[in-house]
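Undergrad: My questions will all concern the structure given below.
The values are calculated or read from the model by the stated rules, or taken from the named source; none is laboratory data. Computed from a prediction, not measured in an experiment: that's the story for all the values here. Cβ sites come from the backbone with ideal geometry, for glycine too, and all protein chains shown count toward neighbours. Accessible surface is based on the protein model in full, side chains and every heavy atom, while ligands, DNA and RNA are left aside. Shrake-Rupley method; radii C 1.70, N 1.55, O 1.52, S 1.80 Å.
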Amino acid sequence: MREKLYEGKAKIIYSTADPAIIVAHFKNDATAFNAQKKGTIAEKGVVNATISARLFALLEHTCIATHYIDQIAPNELRLRKLRMILLEVVVRNIVAGSLVKRTGLASGTLLDEPLIEFYYKDDSLGDPLLNDDHVLSVLKLVTAEQLAELRRLALQINQLLKDFYLRCGISLVDFKLEFGFDGADQIQLGDELSPDNCRLWNLEDGRILDKDRFRFDLGSVDAAYQEVLQRVESAT
Ligand code: UDP
């Protein structure tokens, strides 16, 4: 017996018999630019659930706490229910997307150190960029210790995913993470890890293999998602 708890742009969340566990059903629906652009990507639900499952398992293996339990269907994951922190944590290795607009640096510029940014998770405000004082003193989203922990986790996850994607012949340009608190108030990684929230460029020729193909109508969107899935599956 399961009940729909929430339907988002890319996932439906169901309850389970255990109140501490939820099921995430990954949809083929795709949105971009704060849902102004809408469409579907064939088999995206299966691709994103499977890539997320593989990457969460990889992180768990390296002692990073995530909400992942198991994959119960091609497009469904069982997850621990978290009290989500209203922050989008973006990690960047290479300049792209909004960082081009904010800094004027050329897309593709390699950053000397990974850059971490915090955005306020609020669609009605368009997920604005926050500085530490906004996070800590104004919005009080987390404590200073928790913010430091988020930075530490984000950098550790970046290193692991960057190395993993290199083995897949893919450059991890940037990605977005979301965290939450478990029943014991410990920070765990939540949400998903998929081509919907990562920029992935083919190492050999810079070919875009992520949601930017959908955002900017570059064509072969389904094929790019399948290519990432195949490479992730053969590397795990
Ligand atoms: N991202 C995301 N959800 C968002 C905003 C960004 O998953 O609401 C991801 C995006 O896919 C990219 C990274 O975070 O991998 C950095 O995105 P950016 O700030 O450049 O914004 P965008 O160009 O996507 O608007």
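Undergrad: Give me the pairs: first residue in segment 210-236 and over 18 Å from Asn28 (Cα atoms), second residue open to solvent by 50 Å² or more (accessible area, probe 1.4 Å), beta-carbon distance under 9 Å, and six or more apart or on different chains, which are they?
TA: Taking only residues 6 or more apart or on different chains, the pairs are Arg231/Arg167; Val232/Arg54; Glu233/Arg54; Ala235/Arg54; Ala235/Arg167; Thr236/Arg54.
Undergrad: For segment 43-72, what are the residues that are among the aliphatic types (A, V, I, L, M) and either open to solvent by 50 Å² or more (accessible area, probe 1.4 Å) or in contact with a His (Cβ under 8 Å, 6 or more places away or on another chain) (or both)?
TA: Within segment 43-72, Ile69, Ile72 meet the criteria.
Undergrad: Which is open to solvent by less than 60 Å² (accessible area, probe 1.4 Å) and within 15 Å of Phe175 (Cα to Cα), of Leu87, Leu77?
TA: Leu87
Undergrad: Still on this structure, I have one more. What residue, of Leu105, Leu147, Leu136, is modelled with pLDDT of 95 or more, within 16 Å of the ligand (Cβ to nearest atom) and more than 15 Å from the chain's Cα centre (by Cα)?
TA: Details: Leu147 fails: within 16 Å of the ligand (Cβ to nearest atom); Leu136 fails: within 16 Å of the ligand (Cβ to nearest atom).
Just a single option satisfies the conditions, and that option is Leu105.
Undergrad: I need every pair where a residue in segment 26-41 that is in contact (Cβ under 8 Å) with a residue 60 or more places away in the chain has its Cβ under 9 Å from the Cβ of a residue that is assigned to a strand (DSSP E or B) and acidic (Asp, Glu), sequence separation at least 6 or different chains.
TA: Qualifying pairs under 9 Å: Phe26/Glu76; Gly39/Asp29; Ile41/Asp29.
Undergrad: Counting just the residues of segment 183-213 that are of a type in the set (A, V, I, L, M, F, W, C) and open to solvent by less than 20 Å² (accessible area, probe 1.4 Å), which one comes out farthest from the ligand (Cβ to nearest atom)? Quick ask: steps written out before the conclusion?
TA: Within segment 183-213, the first condition is being of a type in the set (A, V, I, L, M, F, W, C), and the residues that meet it are 184, 187, 189, 193, 198, 200-201, 203, 208-209.
Next, from what is left, pick out any that are open to solvent by less than 20 Å² (accessible area, probe 1.4 Å): 189, 193, 198, 200, 209.
Values: Leu189: 14, Leu193: 10, Cys198: 5, Leu200: 9, Leu209: 12 Å.
Ranking the qualifying residues of segment 183-213, first place goes to Leu189.
Undergrad: Within segment 123-134, count every residue that is over 17 Å from Lys176 (Cα atoms) and hydrophobic (A, V, I, L, M, F, W, C).
TA: Here the count works out to 1.
Undergrad: Then there's this: Can you name every residue in segment 75-102 that is within 13 Å of the ligand (Cβ to nearest atom) and in a loop (DSSP other than H, G, I, E, B)?
TA: Leu86, Val95, Ala96, Gly97
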